[in-house]
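The values are calculated or read from the model by the stated rules, or taken from the named source; none is laboratory data. Note that the structure is predicted; figures quoted are calculated from it, not measured. Using ideal geometry, Cβ is built from the backbone for each residue, glycine included, and neighbour counts are taken over all protein chains shown. Just the protein is used for accessible areas: all its heavy atoms, side chains included, with ligands, DNA and RNA removed. Shrake-Rupley method; radii C 1.70, N 1.55, O 1.52, S 1.80 Å.
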Amino acid sequence: MIAIYPGSFDPITFGHLDIIKRGSQLFDQVVVAVLRNPNKSPLFTVQERIEQIRLSVVGLPNVEIDSFAGLTVDYAKLRKAKVLLRGLRVLSDFEKELQMAHTNKTLSDEIETVFLATSNEFSFLSSSVVKEIARFGGSVDHLVPQHVALEIYRCYAQTYPESTQNMNNPAIHLNQPKVDLQSETVHQQEV
Ligand code: PNS
């Protein structure tokens, strides 16, 4: 059975990876589907997010990464998937997630939403929290894979150089090259 794990993943966190790993043990295939959302100003482009996820799931052969636009249920039908996989962290997630699951059910009766309770240690974790910490100069090494953390540091060093003055993150100390805004997407904050 194929499960779609849809989301923004801006950026992917250890919380997302917890759901992907556990989902990959339950389903034949998990498709991590990055939403191409023209209404949002993400920190990373869809292509950057796909690459970040790809490097994070090395060693999980039944996990695929893709992007989609439009309705998730339409994408699921296209991929012949019967399940939408979502993680539930805290009670406040429940309301939004249940509403989304019910909405999706009205759009397609054959597709079920399956919720996994996010492991306790990641119950506080979200992409927004990661971006907020990094924006104000904190370390996110314990929240996202190393390659993602480095990209976040580079991005904020370029966008908010003043926030990196007293930063305790390794990218700054290692003198990593900054993102060239001429050739890259302009990274905007979305906290
Ligand atoms: O990571 P996110 O931002 O919580 O993911 C939300 C997502 C992408 C799963 C949701 O916004 C979505 O499914 N968007 C696609 C549009 C859609 O299908 N809407 C109907 C269900 S509310």
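For (1) in contact with a helix residue (DSSP H, G or I) (Cβ under 6 Å, 6 or more places away or on another chain); (2) over 28 Å from Glu51 (Cβ atoms), each residue gets a yes or a no:
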{"site": "Val83", "(1), (2)": "no, no"}
{"site": "Arg86", "(1), (2)": "yes, no"}
{"site": "Leu91", "(1), (2)": "no, yes"}
{"site": "His102", "(1), (2)": "no, yes"}
{"site": "Phe124", "(1), (2)": "no, no"}
{"site": "Val140", "(1), (2)": "yes, no"}
{"site": "Leu143", "(1), (2)": "yes, no"}
{"site": "Ala149", "(1), (2)": "no, no"}
{"site": "Cys155", "(1), (2)": "no, no"}
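Being surrounded by 15 or more Cβ atoms within 10 Å (Cβ to Cβ) and either within 10 Å of the ligand (Cβ to nearest atom) or within 19 Å of Leu35 (Cα to Cα) (or both) is the requirement here; does Asp74 meet it?
Working: surrounded by 15 or more Cβ atoms within 10 Å (Cβ to Cβ): no; either within 10 Å of the ligand (Cβ to nearest atom) or within 19 Å of Leu35 (Cα to Cα) (or both): yes.
It is false that Asp74 is surrounded by 15 or more Cβ atoms within 10 Å (Cβ to Cβ) and either within 10 Å of the ligand (Cβ to nearest atom) or within 19 Å of Leu35 (Cα to Cα) (or both).
Of the set (1) in contact with a Phe, Trp or Tyr (Cβ under 7 Å, 6 or more places away or on another chain); (2) not assigned by TED's automatic domain parsing to the domain that holds Gln25, all apply to His147 but (1). If the condition is being over 21 Å from Ser41 (Cα atoms), touching a Leu at 6+ places or on another chain (Cβ under 9 Å) and either open to solvent by less than 30 Å² (accessible area, probe 1.4 Å) or at pLDDT below 95 (or both), then the stretch 131-150 contributes Leu143, Pro145.
Looking at Phe115, Phe44, which is the one that is assigned by TED's automatic domain parsing to the domain that holds Ile20, on the phi < 0 side of the Ramachandran plot and surrounded by fewer than 20 Cβ atoms within 10 Å (Cβ to Cβ)?
Going through Phe115, Phe44 in turn, the sole match is Phe115.
Taking the stretch 1-79 and the helices (runs of 4 or more DSSP H) fully enclosed by it, the elements with 1 or more residues that are of a type in the set (Phe, Trp, Tyr) are at 14-26, 72-78.
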